[in-house]
Amino acid sequence: MLTYTIRRLILSVPTLLFISLVIYLLLELAPGDPMAQVPLTVPPEVKEKMREALGVGQPWYIAFPKWLYQFFVVEPMYLIDAIFGTTMTEGEQRVISWQTRSPVMDIVVQRLPQTLWVVGVAYVVAIAIALPIGIYSAYRQYSWFDNAGTFVTMVGFSVPPFFSGVVVIVVFSVWLGWFPSIYDTTHEVDDWDSFVKQLKQMVMPVMVLALQITSQLSRFMRASMLDNLNQDYVRTARAKGLGEKTVVMVHVLRNSLIPVVTVIAIGIPSIFGGAIITEQVFKVNGIGQLLITAIQANDLPMVQTLTFIFAVLIVLFNLIADILYGILDPRIRYD
Amino acid sequence: MTEPLSMDAVEPTAPPKSQWADVWAQFKAHRGAMIASALLAVIVAAVLIGPWLWGIDPTKLDIRAKDMRPIFTVLWDGDAKVGWNHPLGTDNLGRDLLARLLSGGQISLAVGMAAMVLSVVLGTLIGVLAGYFKFLDGILMRLTDLFLALPLLPLLLVAVLLFRDRLSATFGPEGGTFILIVTLVGVTSWMQTARIVRGDVLALKEREFILAARSIGTSPAKMITRHLLPNVMSPIMVSATLGIATAIITESALSFLGFGFPPDFPTWGKLLFDSVDRMELYPERVIWPGLMISLTVLSVNYVGDGLRDALDPRIRGR
């Protein structure tokens with residue numbers, strides 16, 4: 001298991017390098033000029049100097065390793081500096097955003113909590129709803145509950161977040177006036193009232209995201225439970241005289257959860273991607289919204305860094321899922 | 001594929017059924033899939049024939065008739081500005097919403113179909129090549145893994161921004177965007193098909209009929225087209241159906257984020273995006289296109305579900 005993990009970790013390095021190169025070369029084609037917004041009164045030679053300072057116009061075989069160095073060496077060292085108060089990164093160039101002329105990672109760190117709050121809560125809520133639905137649907141296959149559940153998950157599967165988001169805004173915020181339609185990220189929680197306000201503004205984005213995740217997870221949970229319910233060991237357990245509750249909730253559930261856990265792990269990075277649209281609908285200024293504005297403003301270092309972070313998350317969670325599968329299911333041996 | 005054995009002793013009670021008759025019988029038993037196919041047929045027919053029957057030009061401006069509400073608004077609001085000449089209302093420039101929905105649907109469905117065809121062709125090609133030729137397997141599957149690890153939505157957005165102007169200059173704003181979106185969606189959604197097809201081809205290769213075909217000297221090209229492809233048709237059909245749903249959703253997501261078709265060129269996603277700013281006053285302008293997207297995708301998904309059951313011989317006939 002350990003050797004497998006190490007091998008996979010080592011293998012993911014070239015994959016990630018290649019992905020970052022692909023993203024870099026794609027962005028290299030971009031027509032934008034970071035100096036486009038600089039006033040026309042600035043003389044051309046000054047503009048040229050500013051371009052040079054931002055590292056624009058260098059050939060890719062110089063600029064790309066530079067970005068790699070900044071991302072993998074300077075940024076982590078800067079983080080260590082910030083934590084322990086050391087000064088290793090004195091005078092080192094960090095990855096600079098063309099939009100704001102400030103380090104990309106600083107902006108990412110500012111935006112991360114908003115995304116994590118909304119997406120994280122949605123994910124937890126979705127898991128809490130999806131698992132019981134999946135279990136009960138499978139246990140009572142083709143009952144009215146199962147049929148209704150299948151229909152609801154199909155709907156959740158098919159309705160895109162930009163529509164379900166808009167519908168909940170129209171219903172809950174325009175007609176009923178229960179929740180605010182815009183997520184206020186400057187809001188701080190310091191007492192009960194502000195906590196309630198925070199909860200209120202989180203309800204709708206969480207609802208939209210959770211609907212999507214729940215539909216995928218509960219379908220998966222149901223299929224996995226159905227696979228296990230017909231196994232011989234279930235009949236054995238019943239024949240031994242175990243109660244129905246023990247059979248389903250202990251024997252079947254634990255075996256059915258194995259693939260579901262890995263699906264949950266694989267789904268985490270795609271949630272960040274899906275949150276791009278939800279953040280846009282509810283005006284949450286998180287990572288997804290940052291990416292959209294960066295793309296529109298031709299802020300290449302920002303786009304490159306964010307896209308690469310997404311790629312890292314995907315590769316990392318795929319690895320975690322594979323390892324979890326091996327740990328949870330002793331029949332699976334990778335070596 | 002399988003010829004019924006001739007046995008003189010046994011009188012056949014019924015004429016032999018073809019495989020597709022069995023598939024159809026199983027598909028009919030799936031109620032959701034039947035309702036969904038009917039709904040899908042209605043949507044497709046409406047979108048194809050509708051513009052001829054409903055003769056209003058979707059791009060025609062009529063400022064005097066702007067901001068009309070749907071006809072049923074009268075039920076709860078007697079003063080609403082409604083009229084039978086615009087049953088679903090008009091937008092802020094007086095363009096008829098029904099006509100825009102119908103012509104937008106044509107583009108959305110066309111994008112969905114074209115992207116699905118591209119993705120299925122790519123996926124099948126890569127899957128068959130990887131499954132049949134051992135020396136291609138490693139590299140093609142690494143490529144598939146790589147594509148699966150790419151953060152697709154951000155890259156799609158970037159790619160639209162990069163190539164939109166260039167393609168628009170060559171093929172015109174509509175044609176260029178159409179080609180761009182179809183290509184992008186197709187190129188980023190073939191991976192599942194490729195994996196499934198490869199797995200099936202690997203399993204088929206071990207079967208006796210393939211050995212028999214090889215022993216009489218069938219060339220690899222004939223092998224693939226005559227023996228392998230017909231046998232992997234069912235997973236391909238299922239992923240083709242589901243591929244339409246993905247393509248429609250992706251196109252409308254791109255349009256919704258403002259990276260889709262040019263402004264006065266309605267698709268369902270574009271209509272939704274344009275109406276979001278004023279949805280508090282005119283919620284119907286958001287609801288209708290969104291409902292069309294959702295209904296289409298929902299019925300396509302149900303049809304795919306039914307097809308998967310119908311094409312699976314282990315489920316069929318139970």
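The table for this structure:
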| read-out | value |
| --- | --- |
| Filter result (more than 9 Å from every other protein chain (Cβ to nearest Cβ), of a type in the set (Gly, Ala, Ser) and assigned to a helix (DSSP H, G or I)) within the range A:123-169 | A:Ala126, A:Ala128, A:Ala130, A:Gly134, A:Ser137, A:Ala138, A:Ala148, A:Gly149, A:Gly156, A:Gly165 |
| Near pairs, Cβ below 9 angstrom, 6+ apart or cross-chain, from the range A:59-70 (more than 16 Å from A:Leu306 (Cα to Cα)) to any residue that is in a helix (DSSP H, G or I) and of a type outside the set (S, T, N, Q) | A:Trp60/A:Leu21; A:Trp60/A:Tyr24; A:Trp60/A:Leu25; A:Trp60/A:Glu28; A:Ala63/A:Tyr24; A:Ala63/A:Glu28 |
| Restricting the range B:284-316 to residues that are more than 12 Å from every other protein chain (Cβ to nearest Cβ) and among the acidic types (Asp, Glu), the residue that is surrounded by the fewest Cβ atoms within 10 Å (Cβ to Cβ) | B:Asp312 |
| Options B:Ile210, B:Ile293, B:Ile236, B:Ile244: the member that is assigned to a helix (DSSP H, G or I), within 30 Å of B:Phe72 (Cβ to Cβ) and either among the hydrophobic types (A, V, I, L, M, F, W, C) or touching a strand residue (DSSP E or B) at 6+ places or on another chain (Cβ under 6 Å) (or both) | B:Ile293 |
| Whichever residue in the range B:257-283 is within 16 Å of B:Ala99 (Cβ to Cβ) and either touching a Lys or Arg at 6+ places or on another chain (Cβ under 7 Å) or at the interface with chain A (Cβ under 8 Å from one of its Cβ atoms) (or both) and, among such residues, is modelled with the highest pLDDT | B:Leu271 |
| Checklist (1) within 14 Å of chain B (Cβ to nearest Cβ); (2) surrounded by fewer than 20 Cβ atoms within 10 Å (Cβ to Cβ) applied to A:Phe195, failing item | (1) |
| Scope the range A:5-24; condition under 12 Å from B:Arg142 (Cβ atoms) and of a type in the set (Phe, Trp, Tyr); matching residues | A:Phe18 |
| Restricting the range B:150-194 to residues that are among the charged types (D, E, K, R) and within 14 Å of chain A (Cβ to nearest Cβ), the residue that is surrounded by the fewest Cβ atoms within 10 Å (Cβ to Cβ) | B:Asp165 |
| Check on A:Ser215, polar (S, T, N, Q), out of contact with any Cys (no Cβ under 6 Å at 6 or more places or on another chain) and in a helix (DSSP H, G or I) | yes |
| Scope the range B:96-139; condition outside any helix (DSSP H, G or I) and surrounded by 23 or more Cβ atoms within 10 Å (Cβ to Cβ); matching residues | B:Asp96 |
| One residue from B:Leu291, B:Leu228 being of a type in the set (A, V, I, L, M, F, W, C) and within 19 Å of A:Val159 (Cβ to Cβ) | B:Leu291 |
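The values are calculated or read from the model by the stated rules, or taken from the named source; none is laboratory data. Keep in mind it's a predicted model, so treat the numbers as computed, not measured. Positions of Cβ are backbone-derived with ideal geometry, glycine not excepted, and every protein chain shown enters the neighbour counts.
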